[in-house]
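Novice: The structure that follows is given in the form of structure tokens.
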Amino acid sequence: MWYITRLKIIFEKKVIVDLHSHTTASDGILTPTELVKRATDNQINMLAITDHDTIKGLPEAKETIVRENLPVKLIYGVEISTIWKNSEIHIVGLNVDIENSQLLELLLAQEKGRIDRAISISEKLAKVNIHDAYQQAQQYSKGDIVSRAHFARFLVANGYVKDMKRAFKKYLGKGGYAYVPANCCGIADAINAIHSAGGQAVLAHPSRYDLTLTKLKLLISEFKTFGGDAIEVSQSRQTQDDLQKLAKLANEFELLASQGSDFHDLVNYLDLGKTTPLPGSVTPIWHDWV
Ligand code: AMP
Ligand code: MN
Ligand code: MN
Ligand code: MN
């Protein structure tokens, strides 16, 4: 009967899935090569790299997996910044064709919008006597994307604030001295570009937008109307209650469920693959992936 036990072990083997992560192509701290190696160390079976407004880390990640024959399936992803009723909402695209022209056009516009925003942030910082911030933030960015996380790292490294959280509170976040609203597309534009590239659109970390339940439901319902496919149910920095609430919302709006660590670094996020598994009540977005 040993083979029955063996079969049971094979079928019960947990599949580890992480569908949200960042590399140095945006504001993660690991290069694409280091990230896929860490995913392998953490025994992840399926990993999506979802850098902010760029797909430029993906070819290196793929090359490393092929060259080193790593046992991880790479999902081509992207996390697109959008604006919805004054809130910055992130839409993750999964299984996108990274040569699709509509997606590439949108990402190019997003990249330009980020440069304009970074210049405005820098001008505001100069008014409080923090000079050359744009050039400094660029030193912290190893790719083409400049994010407020790069400004925050510069502010921390130079002693203006103690940590990233304070950098956002005092300078970069809403209400901060150097806050500048994002210069990006709308939710429908992001969903359309993802679909045009053959991917699925996921509403990222729904609980991190500081919305009331009523407003969150409005967001999810508009996301669904625009053709959105899934919401992240299991993510970093989350209580069990929150996970259950999101699982209910996924079912209420007939959306698939996704999960991802949003790994950037080990200080502010969970490690790769360490999110709580999805509850049995939801349908995982990968249920019909081959
Ligand atoms: P941006 O895409 O330029 O608006 O920058 C937002 C990025 O800054 C997020 O993707 C996070 O990586 C980072 N971030 C935002 N708020 C915080 C915070 N309170 N502490 C640390 N990092 C943050
Ligand atoms: Mn980030
Ligand atoms: Mn995000
Ligand atoms: Mn993210």
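The values are calculated or read from the model by the stated rules, or taken from the named source; none is laboratory data. Bear in mind that the values here come from a model prediction, so they are computed numbers and not experimental data. Methodologically, a virtual Cβ is constructed for each residue, glycine included, from the backbone with ideal geometry; neighbour enumeration extends over all protein chains shown. For accessibility, only protein heavy atoms count, side chains too; no ligands or nucleic acids. Shrake-Rupley method; radii C 1.70, N 1.55, O 1.52, S 1.80 Å.
Novice: Could you please give the count of residues in the range 227-255 that are open to solvent by 40 Å² or more (accessible area, probe 1.4 Å), closer than 29 Å to SER196 by Cβ and outside any loop (DSSP other than H, G, I, E, B)?
Specialist: The qualifying residues number 2.
Novice: When the residues of the range 234-254 are filtered to those that are away from ligand 2 (no atom under 16 Å from the Cβ) and in contact (Cβ under 8 Å) with a residue 40 or more places away in the chain, which remaining residue is nearest to the chain's Cα centre (by Cα)?
Specialist: For the range 234-254, the residue satisfying everything is SER234.
Novice: So LYS85 passes all but one of these: (1) within 11 Å of ligand 1 (Cβ to nearest atom); (2) out of contact with any His (no Cβ under 9 Å at 6 or more places or on another chain). Which condition number does it fail?
Specialist: Just one mismatch for LYS85, condition (1).
Novice: Test ALA182 against the stated conditions and say whether it is under 29 Å from GLU105 (Cα atoms), touching a helix residue (DSSP H, G or I) at 6+ places or on another chain (Cβ under 9 Å) and in a helix (DSSP H, G or I).
Specialist: Judged against the criteria, ALA182 is not a match.
Novice: Which residue is least open to solvent (accessible area, probe 1.4 Å), if the candidates are limited to the range 160-176 and must be outside any loop (DSSP other than H, G, I, E, B) and more than 10 Å from ligand 1 (Cβ to nearest atom)?
Specialist: This residue is TYR171.
Novice: Right, another one. Give, as residue ranges, the helices (runs of 4 or more DSSP H) completely inside the range 95-159 that count at least 3 residues that are more than 24 Å from LEU19 (Cβ to Cβ), modelled with pLDDT of 95 or more and β-branched (Val, Ile, Thr).
Specialist: Once the helices (runs of 4 or more DSSP H) in the range 95-159 are filtered for at least 3 residues that are more than 24 Å from LEU19 (Cβ to Cβ), modelled with pLDDT of 95 or more and β-branched (Val, Ile, Thr), what remains is 101-127.
Novice: Using the structure shown, decide if GLY198 is free of Cβ contacts under 8 Å to residues at least 40 places away in the same chain and either surrounded by fewer than 18 Cβ atoms within 10 Å (Cβ to Cβ) or of a type outside the set (A, V, I, L, M, F, W, C) (or both).
Specialist: So GLY198 does not fit the description; no.
Novice: Just give me the residues in the range 256-271 being touching a Ser or Thr at 6+ places or on another chain (Cβ under 8 Å), away from ligand 3 (no atom under 16 Å from the Cβ) and outside any strand (DSSP E or B), in sequence order.
Specialist: ASP271
Novice: Just to be sure I understand, how many residues within the range 88-100 are surrounded by 21 or more Cβ atoms within 10 Å (Cβ to Cβ) and either aliphatic (A, V, I, L, M) or within 11 Å of ligand 1 (Cβ to nearest atom) (or both)?
Specialist: Here the count works out to 6.
Novice: With THR54, THR64 as the choices, which residue is open to solvent by less than 30 Å² (accessible area, probe 1.4 Å) and within 16 Å of ligand 1 (Cβ to nearest atom)?
Specialist: Just a single option satisfies the conditions, and that option is THR54.
Novice: Does the range 27-35 include one or more residues that are outside any loop (DSSP other than H, G, I, E, B), within 26 Å of ILE231 (Cβ to Cβ) and open to solvent by 10 Å² or more (accessible area, probe 1.4 Å)?
Specialist: No: the range 27-35 contains no residue that is outside any loop (DSSP other than H, G, I, E, B), within 26 Å of ILE231 (Cβ to Cβ) and open to solvent by 10 Å² or more (accessible area, probe 1.4 Å).
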